[in-house]
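Okay, structure first, notes after.
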Amino acid sequence: MVEQLEWRRGRAHRAAAAVLAGCALLTACTGGADGGEADAAPRTASGTLEQLASKADCEPNVQTDAEEIRQANCTTRDGRYVLATFATDRGQREWINEANDYGGSYLVGRRWVAVGDPEVVAALRGRLGGTVETASPHHSGKSGGGGSEDGHSGHHGS
C-alpha cells in the first residue's frame, strides 16, 4: 500500500511539472498572456534623429539641433508629427512630463519621442515600435475663471 501511495505521489508531481512546462512553452510561443498583442509592433527602434526618421518614412525638417535634444517636424502619408531625440533618459522624461501638460499622444522609445494625433502615433508604432502614452491636458482653457474651485469635488471636506 505504501509503495502504491509513493507511486501516485510521484506521478502527481510529474504530471504537475509537465503541465507547468506546457504552460511556459505555450506562453513563450504566444507572446504572453495578452494573446500575442505585444508582437503587433516591431522591436523598438533606436538611432539618431535621421535614422529614426528614415525608418518612419520621413524627411525630417530639423527645428532644434542642440546637445540635449534634436527635434524635427515630419510629414508622411499618415500625417504630421514631431520627432525628438534626447541625449539622456532623464532629459527625455523631463520633456515628456512637461509636454503631458498639453495633452496628446506620444510614441516613446529609448531616448526618442514622436508626438502627433492618435492615428498618426498608431501608424508610427507599426514602423518604430515603442510604447504609446496618452495625456489629457491639465488646463482646458474653458474655465476662464483662472482657478475657481467651484464645481470640483474632493477639494473640500463636508
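The values are calculated or read from the model by the stated rules, or taken from the named source; none is laboratory data. Every value quoted in this text rests on a predicted model; they were computed, and no experiment measured them. We place every Cβ from the backbone using ideal geometry, glycine too, and count neighbours over all the protein chains shown. Side chains are part of the model used for accessible areas, which takes the heavy atoms of the whole protein and leaves out ligands, DNA and RNA. Shrake-Rupley method; radii C 1.70, N 1.55, O 1.52, S 1.80 Å.
Hey, any hits in region 73-89 for a residue that's in a loop (DSSP other than H, G, I, E, B) and of a type in the set (K, R)?
Within region 73-89, one or more residues are in a loop (DSSP other than H, G, I, E, B) and of a type in the set (K, R).
List pairs: first in region 112-136 and charged (D, E, K, R), second buried (at least 16 other Cβ atoms within 10 Å of the Cβ) and part of a strand (DSSP E or B), Cβ under 7 Å, 6+ apart or cross-chain?
D117/S105; R125/L107; E133/Y106; E133/V108
Take region 109-153 and flag every residue that is open to solvent by less than 80 Å² (accessible area, probe 1.4 Å), modelled with pLDDT of 95 or more and either polar (S, T, N, Q) or part of a loop (DSSP other than H, G, I, E, B) (or both).
Correct list: G129, G130.
Does A84 satisfy the criteria of being modelled with pLDDT of 95 or more and either surrounded by 12 or more Cβ atoms within 10 Å (Cβ to Cβ) or within 17 Å of S46 (Cα to Cα) (or both)?
Yes, satisfied.
Can you tell me which of (1) touching a helix residue (DSSP H, G or I) at 6+ places or on another chain (Cβ under 6 Å); (2) at pLDDT below 95; (3) open to solvent by 70 Å² or more (accessible area, probe 1.4 Å) is the one S105 doesn't meet?
(3)
How about region 92-108: which of its residues are in a helix (DSSP H, G or I) and touching a residue at least 24 places away in the same chain (Cβ under 8 Å)?
W95, I96, A99, N100, D101, Y102
From the list L20, L49, L25, which residue is hydrophobic (A, V, I, L, M, F, W, C), more than 15 Å from A123 (Cα to Cα), at pLDDT 95 or above and out of contact with any helix residue (DSSP H, G or I) (no Cβ under 9 Å at 6 or more places or on another chain)? Give the derivation first.
Details: L20 fails: at pLDDT 95 or above; L25 fails: at pLDDT 95 or above.
When all the criteria are applied, what remains is L49.
Test V62 against the criterion of being outside any loop (DSSP other than H, G, I, E, B), at pLDDT 95 or above and in contact with a Gly (Cβ under 8 Å, 6 or more places away or on another chain), and give yes or no.
Against the criterion (outside any loop (DSSP other than H, G, I, E, B), at pLDDT 95 or above and in contact with a Gly (Cβ under 8 Å, 6 or more places away or on another chain)), V62 does not qualify.
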